[in-house]
Structures are given as structure tokens and as C-alpha cells.
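Below you'll find the structure, written out as C-alpha cells, and then a few comments.
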Amino acid sequence: MDTARIPNIDNWTERCDLAAAFRWTVRLNMHEGVANHFSLAVNDDGTKFLMNPNQKHFSRVRASDLLMIDANDPETLKGPDAPDPTAWGLHGAIHRHCPHARCAMHVHSIHATVLAILKDSILPPVDQNAAMFFGRQVVDEDYGGLAFEEEGERCAQLFADPKKSVMIMGNHGVMVIGQTVAETFTRLYYFERAAETYVRALQTGKELRVLSDEIAAKTADEIEEYPEQNDRHLSELRAILDEEGSNYAT
């Protein structure tokens, strides 16, 4: 491949951002081998989206590897570069039905998945990070097996409320949505961190100090409006990868 020509690929900046997110997810040990998927809409109605290739480890995903998928193309799974069927089922449905979900990141990260197997899977506002998600979570309590098309369609309906940016997928994992890669990845990062804090607090067996709804809502709004944090977070991660000579942006 002529690497000098790669930046001429459409949506190059978005591709590099998404590839960096894959690489950093591995650093955080939030990947699942060659499973799990991230996607990013690139057209106005959100139905055309970038997604990782089928069965490629997150640590090897490059910007030029990302597939361009049309959520409205029923022939998607028949092509030579077909995505993973469960990725198509879940992300295709989200990008068809939820135009506010420009970016979607699905993982089986350890602590978010622990939360997903508790009978009460809502993350309570036990600290500042957890308060970030107050009123912004939805729990899927009807896991129906692998996310092929029917299951994906069902899950997508749970994101009908644009305010809900995190789906705790009962007995499965977590799906986080946002407007950009930077916003969505930062949200995913903090959700896993907050879930870990909560799980560790539960392990003490002691009573928890939970924030009031009023303070939790105030904190969530303040964090959501905090200037530039999402973009600066991803920019710093990309800078680290660049300094290390990573090939994510090729």
C-alpha cells in the first residue's frame, strides 16, 4: 500500500480517531480478543458508518482498515469485506434507528460487565465519576442471545431517548454512544472507572455514601458541559501513540 496516499481516504481524521480508540482500549484491558466493535457515522443521517473489520484484534486496527458500512444495505453480510454478523446486527440497527448515536462503542469490560450481571445494574452516584452517568443510563433486562439482527433491533430501541448515553446490557456488557469518537471514548473510559470503584466499594461490605439526586444531577450536567475535556483526552492519547511510533494512523 502507498502510505503517502492514505490520508486521501475519505473521513481520514475520523478514521484516525477511531483507530486510536481501538488501540487505547487494549491498553486499558477493556478489549475482548477479536470480538467487540466500535462504529462512527459519517453522513448526515447517520446511516453510513465506519467499523472495525471482522475478527481483527483491536491492537492491530489501523485507520485504513476500517470498513465503510451502509446500515440500509441488506446485502452487507454478503460482500468479501463483510463485518462480523453480530456487529452488523447491533451497530447497523443503532445507526438506522438512532441518528443521535453518531458513535457507538460496545465492550465486555470487566467491571461494567460485573455491573451488568447484578440484579440491580444501575450505577448509583457513589462518586464524582459515577455521578457523570446519573439519569443517562438504560438497562437491558431482556438479553436474548448473540446480537444478530433481531436482537440488535431490540437493543437499538432502548436508545430512543437521546439523553440515555449508556446501555448496561444485562448479562452481556456495555454499549456507550455519543456524538464523536472523543466524547464516546471518554464516556466509555469513565464508565468503566466508575463501575470499578462501585464494585470495589461493594466488596467492602460496608454501607455506601450515595450522592443525593439533586447533587448527582448537578454534577452530571457540569461534567457534560465541561469545556474541551473530551477532545483533549483523545488528542493526548493520539500524541502518546504518535510519540511511540504506532502505525494506528496508517
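The values are calculated or read from the model by the stated rules, or taken from the named source; none is laboratory data. Computed from a predicted model, the values in this text were never measured in an experiment. Cβ sites come from the backbone with ideal geometry, for glycine too, and all protein chains shown count toward neighbours.
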Of all residues in region 43-95, how many are in contact with an Asp or Glu (Cβ under 6 Å, 6 or more places away or on another chain) and charged (D, E, K, R)? 1
Going through region 14-50 in order, the residues found to be more than 15 Å from Gly178 (Cα to Cα) and part of a strand (DSSP E or B) are Glu32, Ala35, Lys48
What do you reckon, is Ala216 touching a Phe, Trp or Tyr at 6+ places or on another chain (Cβ under 6 Å) and of a type in the set (A, V, I, L, M, F, W, C)? yes
Among residues belonging to region 56-88 that are among the basic types (Lys, Arg) and part of a helix (DSSP H, G or I), point out the one that is farthest from Val26 (Cα to Cα). Lys78
Assuming Asn72 fulfils every condition listed in (1) within 22 Å of Thr180 (Cβ to Cβ); (2) modelled with pLDDT of 95 or more apart from one, which condition is it? (1)
Of Ala131, Ala87, the only residue that is more than 30 Å from Asp44 (Cβ to Cβ), surrounded by 22 or more Cβ atoms within 10 Å (Cβ to Cβ) and out of contact with any Gly (no Cβ under 8 Å at 6 or more places or on another chain) is Ala131
Based on what the data block shows, is His172 surrounded by 12 or more Cβ atoms within 10 Å (Cβ to Cβ), within 24 Å of Val107 (Cβ to Cβ) and in contact with a Phe, Trp or Tyr (Cβ under 6 Å, 6 or more places away or on another chain)? yes
